[in-house]
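Novice: The following block contains the structure, expressed as structure tokens.
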Amino acid sequence: MTDGPGQPFQPAILLEGVTKRFGSVVAVDNVTLAVEEGEFFSLLGPSGCGKTTLLRMLAGFETPDDGSVYLRGEDVTLVQPNKRATNMVFQNYELFPHMTVFNNVAYGLKLKKVPKDEIGQRVNEMLEVVGVGGLGARAADQLSGGQQQRVALARALINRPAVLLLDEPLSALDVKLRKRMQLELKSIQHSLGTTFVYVTHDQEEALLMSDRVGIMNHGRLLQIGAPRSIYEQPRNEFVADFVGTLNDFAITVTRTEGDLAVAEHGDGDRIVVMAGDDCRAGHTLRIAVRPERILVTPSDEETDSGQSASSLSGRVEDVIYMGPITQYLVDTRMLGRVVSQRMSNEEATLITPGLEVAVTWAVDAAFPLSDRDSVDNPTT
Amino acid sequence: MTESLSRRGPRRKRSRRGTSGEVLVAIDRRRKVAAWLQLLPGSAYFTLLFLVPLAGLAAMSFFRLVDFDPVPAFVLSNYAEVLTTSIHVRLGLRTIQVAGILTVIVLLVSFPCAYVLNFVFRAKRQLLYFLILVSLFGGYIVRIYAWRSILGRQGVINQTLIGMGIIEEPIRYLLNSMFAVGASLVNFLIPLGVLPIYAAMQNVSPHVIEAARDLGASRIRAARQIVLPLSMRGVRAATAFVFIATLGEWVTPRLLGGTKDLLIGNRIEFYFGQSLEWPQGAALAMTLMVAMGVFAYIIISLMKRLTR
Amino acid sequence: MTAPGWRRTLVRLRRRPLGSAAFMVLVFVFLFAPLVVMVAFSFNSSPRLSFPFAGVSIRWYQEIFTDTLVLRAFRRSIQAAVVTAGITGVLGLLAALGILKVAARWRTVFLTTALGPLAIPGLLYAIGLAVFYRQIGVGRSIWSANLGHALIALPFVFLIIGASLERFRFGLLEAAQDLGATRWYAFRTVTLPLILPAVIGAMLLAAAISVDDFVIAFFTAGQDKTLPLVMYGRVLKGIDPTLNAIGTVMLILTTSLAFMAASRTTIGER
């Protein structure tokens, strides 16, 4: 853990046991994290989870009470923000309202005493890159939300930071613009190759944009991984619940078949899950299933799910049409309410409230849950 | 120290940890010192030119007058002399009475004025507010003098009334009377009353009134039950400004009042200006200041009780 | 307006704030009556304060602009305004910046004591200052009066700048620092330009307070008579038609200061 300068694989950012307290509140609790050069890394968590504090420690606005921050192998724990090779896109942009767009973007370069004609050239280039070319002479307080966002991005990126820090930069934009900016940000990051650390509370945004995501709650980094692994193999209940919607059940194992555990109930209702070797009949397991993996079919139709699948009978409570997908709430005899989400297609219209249905899912759709908030040693 | 702070105990040995804390403390201390240094010149100026002179005035009230020269001493005779002079008691009571009446009049005009400014003519409030500011800075002496042109025997009012045939002889008591003093003072004090009330009303959202109206309150009721309590801070400030300004007034009665229409301020000015008996003047000023404090306390607690 | 029906017209009329408008007109007529009268009489060709006018002339203006006493007083008033604005601008800005960073209980102490000059009558402060100057042996002069003007204007300046700093988004300073600025550079390029309208507005207000002051100058300026003192002397002597002209000049001076102050501070508010 003591990478000195000059070693071959220098992470862009290395946090070692970083802790920050505000009074008696532990905002960031013993976080260790490495972010690679050129990576798009997101910190995802609910408000107050410590993700912004962590970002502000990277920028230098907060100093950790404990632990160290390394930037490209150099210890910057105590370095002031104006001396750090990081730049930030603030949540409400913080554009200087009394300056033009040009002067906003040129601010950092002027401080670095870059020659005047070079400043002009680089600013105009950067404005083109972020898609606001030609707005240089506009006053910063006469921009739309999306334009402000782009100028804030340009103002930070033009300094060629080692790491660009983004603090919920899209949260003030309307849904449509936000979706577009997500893709644009991703492509700008890709073309410039700059390391991005991106703070958000929007799980969809994090999954869509990031190379890797770190999930935080109560100041702790609970899990780090690629979007797919975070979504499909969450290691604890909080992560599973925060990233996407979730059905979670407690089941009592009635018998085991090899590494499969089976819970049976009444006539025909059964749940089959992968379980460890030490699983015995009578054990209680907590499992979770994503709604989109759950199939709902009318009871009179024969399903060919086979013996390995879970299958429950129930009655449709409600059908909620949400555009591309439709959500079914099914009251099952064994587990109570189960939520299923399917594509809204022709077949879906056959299922109506009150209908007796079979609810099924494949073995690999269910995953076991550990307790809420337990840390799963998130070293990578 | 760092060990006890870290809940999880030492993870690795780090010699730098101790310095981290020290650097932080040093930066913090430097910023605090800078803040106090920034406050210093203003505080020093304030102390030297406000607190010290007032203390000097208090001290002066105990000095002895020897050959028209105040000599440091500690005598209570100035207070005895000032308080037993019957004209002071009479002028004091009249001043308080006038101040009370003027305060009520000014508040009765200022509150609706601020209300209309902030809620009724909201689109034009910047302009109206500015006009009120202008009238505040329209010149103190200038305006007193202008009242002479309005109220005098040959003044605007008398000549207009004669021209219209309503009266034959000019009304004499318009000028050099308590009426003239009151009119001029109300004129001068209305901006002082409107500004703090208006400032306090800025924090009252027009939607609150709409909500009250929606629930069935009349305009007047909404103003009284919703806006008044919410802008009470401003009303209190306005009351204090107007009352205090009247208590210290002496130029207006001097220039617009008759020979008998004086206020307590005129006596203080007399001691400092004409008779040069400064210790007596200081004693009277200190008495006025104490009385003012007592009245301010009574009025404010009364207003608090009324709004509850 | 295609035939709305008489009931509709009636309701529409009732919805118009006619009562409020009438009330405001009355208030403004009353507030501005003395000012209008003064300006009007300053152009009256007759020396008597009689109404209606004998004729229109600018002779009183010609008179005051050749009157060395008035001109000297005018110069003193301007000097007082500049000095007061300068002192209060520096002290007020520094104090308003400093108070942001001290602990909350100290802030309350400072803010409360700063209101002191507003809480006592000008007369009492003026004689207190006169007593103070006499005790420390400072003579009466325009400078002595200036120091007093600055003191009574200081709370206003401090509060106005403080209010603009309260609205200031300190995130902007973090942005500047993040881009490499030192604290001083960030203050110069971000804080100062953004609060400057409020600072200048507050200084203009201080200047207006100084020009308008009578009572402090009366007790501390001695023979260095400012415009209000000259006017007071002439009022005491009796009717003097130049007074309206002097008054009008002063009105223009103070209102243009107040106008600039008001427009700057409202820009600062947004």
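The values are calculated or read from the model by the stated rules, or taken from the named source; none is laboratory data. In this text, all values refer to a predicted model and were calculated from it rather than measured experimentally. Counting neighbours? That spans all protein chains shown, and the Cβs are built from the backbone with ideal geometry, glycine included. Side chains are part of the model used for accessible areas, which takes the heavy atoms of the whole protein and leaves out ligands, DNA and RNA. Shrake-Rupley method; radii C 1.70, N 1.55, O 1.52, S 1.80 Å.
Novice: Of the options B:TYR115, B:VAL156, B:LEU49, report the single residue whose Cα projects farthest towards the positive end of the charge dipole of chain B (beta-carbon charges: Lys, Arg +1; Asp, Glu -1).
Specialist: B:TYR115
Novice: Same structure, new question: Which residues make up the longest stretch of chain A that has no GluC sites (Glu not before Pro) in a DSSP loop with at most 13 other Cβ atoms within 10 Å?
Specialist: Between exposed loop sites, the widest span is A:1-300.
Novice: Could you tell me how many degrees, from 0 to 90 and to the nearest 10, lie between the Cα long axis of helix A:101-111 and the main elongation axis, the longest principal axis, of the Cα atoms of chain A?
Specialist: The angle comes out near 70 degrees.
Novice: Taking every DSSP beta bridge that has both residues in the protein assembly as shown, what percent is antiparallel when rounded to the nearest 5?
Specialist: 80
Novice: Send over a whole-number figure in Å² for the accessible area per residue of chain B, probe 1.4 Å.
Specialist: 51
Novice: Is chain C best put as rounded, prolate or oblate by its Cα gyration tensor, with a ≥ b ≥ c the root eigenvalues, rounded for a/c under 1.5, and otherwise prolate when a/b is larger than b/c, oblate when not? Walk me through the numbers on the way to the answer.
Specialist: Working: a/c = 2.15, a/b = 1.11, b/c = 1.93.
It is oblate, given that a/c is not under 1.5 and a/b is not larger than b/c.
Novice: Still on this structure: Please give me the summed charge of the neighbours of A:ALA106: other residues whose Cβ is under 10 Å from its Cβ, Lys and Arg +1, Asp and Glu -1.
Specialist: That works out to +4.
Novice: Go through C:VAL11, A:GLY314, C:ALA81 and say which Cα lies farthest out towards the positive end of the charge dipole of the protein assembly as shown; charges sit on Cβ, +1 for Lys and Arg, -1 for Asp and Glu.
Specialist: C:ALA81
Novice: Quickly estimate the mean residue ellipticity at 222 nm for chain C, helices only: each DSSP H run with n ≥ 4 gives -39500 (n - 2.57), and the total goes over all residues, rounded to 500.
Specialist: -25000 deg cm²/dmol
Novice: Considering only C-alpha atoms, what is the centroid distance from segment A:191-260 to segment B:208-225, in Å?
Specialist: Measuring centre to centre over Cα atoms gives 52 Å.
Novice: Let me ask something else. Quick one: pull the percent of accessible area on chain C belonging to carbon and sulfur, 1.4 Å probe, ligands and nucleic acids left out. Each step should come with its number before you reach the end.
Specialist: Values: 8350 of 12300 Å².
Carbon-and-sulfur percentage of accessible area, whole number: 68.
Novice: Oh, and also: Just want to confirm a number: the relative contact order over chain B, from Cα pairs under 8 angstrom separated by 6+ residues, in percent.
Specialist: Reported relative contact order: 24 percent.
Novice: Partner chain Cβ atoms within 10 Å, averaged over the residues of A:80-91 - can you pull that number for me? Walk me through the intermediate numbers first.
Specialist: On the way: counts 5, 8, 10, 3, 3, 1, 1, 4, 5, 2, 6, 1.
The per-residue average across the peptide is 4.
Novice: Let me ask something else about it. Helix A:175-192 sits at what angle to the longest principal axis of chain A, using alpha carbons and giving 0 to 90 degrees rounded to 10?
Specialist: 60
Novice: In segment A:28-72, what residues drop by 50 Å² or more in accessible surface going from the chain by itself to the full protein assembly, probe 1.4 Å?
Specialist: Residues losing area: A:ASN30, A:PHE61, A:ASP66.
Novice: Using a simple charge model, +1 on the beta-carbon of Lys and Arg, -1 on the beta-carbon of Asp and Glu, nothing else, what dipole does segment C:73-265 show about its Cα centre, in debye to the nearest 20?
Specialist: Dipole about the Cα centre, nearest 20: 200 debye.
Novice: About the Cα centre of segment B:146-246, what is the dipole size in debye to 20, counting +1 per Lys and Arg Cβ and -1 per Asp and Glu Cβ, all else neutral? Mind showing how you got there, number by number?
Specialist: Working: 9 positive and 4 negative charges, 49 e Å.
Taking the Cα centre of segment B:146-246 as origin, the dipole is about 240 debye.
Novice: In addition: Report the chymotrypsin sites (Phe, Trp or Tyr not before Pro) located in segment B:263-308 that are in a DSSP loop and have at most 13 other Cβ atoms inside 10 Å of their Cβ, or state none.
Specialist: Values: sites: B:PHE270, B:TYR271, B:PHE272, B:PHE295, B:TYR297; in loops: none.
Taking segment B:263-308 and a limit of 13 other Cβ atoms within 10 Å, no loop chymotrypsin sites (Phe, Trp or Tyr not before Pro) are found.
Novice: Which FRET efficiency value, to the nearest 0.05, is calculated for C:SER141 and A:ASN92 with the Förster distance at 56 angstrom and r the Cβ-Cβ distance?
Specialist: 0.60
Novice: Return one number: the angle in degrees, 0 to 90 and rounded to the nearest 10, between the long axis of the Cα atoms of helix B:278-307 and the longest principal axis of the Cα atoms of chain B.
Specialist: 70
Novice: Please name whichever of C:LEU165, C:LEU204, B:THR246 sits farthest to the positive end of the charge dipole of the protein assembly as shown, dipole taken about the Cα centre and charges placed at Cβ: Lys and Arg +1, Asp and Glu -1.
Specialist: Of the candidates, B:THR246 comes out farthest on the positive side.
Novice: Report the FRET efficiency, 1/(1 + (r/R0)^6), for B:ALA26 and A:ASP75, where r is their Cβ-Cβ distance and R0 is 25 Å, rounded to 0.05.
Specialist: Values: r = 19 Å, r/R0 = 0.75.
So the FRET efficiency works out to roughly 0.85.
Novice: I've got another one for you. Give me the percent of DSSP beta bridges within chain A that run antiparallel, rounded to the nearest 5.
Specialist: Once the DSSP bridges in chain A are tallied, antiparallel ones form about 80 percent.
Novice: With +1 on each Lys and Arg Cβ and -1 on each Asp and Glu Cβ, how big is the dipole of segment B:76-307 about its Cα centre, in debye rounded to the nearest 20?
Specialist: Around 640 debye, computed over segment B:76-307.
Novice: Could the peptides C:177-183, A:148-154 be put in order, highest first, of the mean number of other beta-carbon atoms found within 10 Å of their residues?
Specialist: Ranking the peptides C:177-183, A:148-154 by packing returns A:148-154, C:177-183.
Novice: Just to confirm my numbers, what's the Cα centroid distance between segment A:321-355 and segment B:257-289 in Å?
Specialist: After rounding, the separation between the Cα centres reads 91 Å.
Novice: Take the alpha carbon gyration tensor of segment B:70-138, find the square roots of its eigenvalues, order them as a ≥ b ≥ c, and report rounded if a/c is under 1.5; if not, report prolate when a/b exceeds b/c, else oblate.
Specialist: In terms of gyration-tensor shape, prolate.
Novice: Going by the alpha-carbon gyration tensor, a ≥ b ≥ c the square roots of its eigenvalues, is chain B rounded (a/c under 1.5) or, if a/c is not under 1.5, prolate (a/b greater than b/c) versus oblate?
Specialist: Since a/c reaches 1.5 but b/c is at least a/b, the shape of chain B is classed as oblate.
Novice: With contacts defined as alpha carbon pairs under 8 Å and 6 or more residues apart, what's the relative contact order of segment B:163-249 in percent?
Specialist: That works out to 37 percent.
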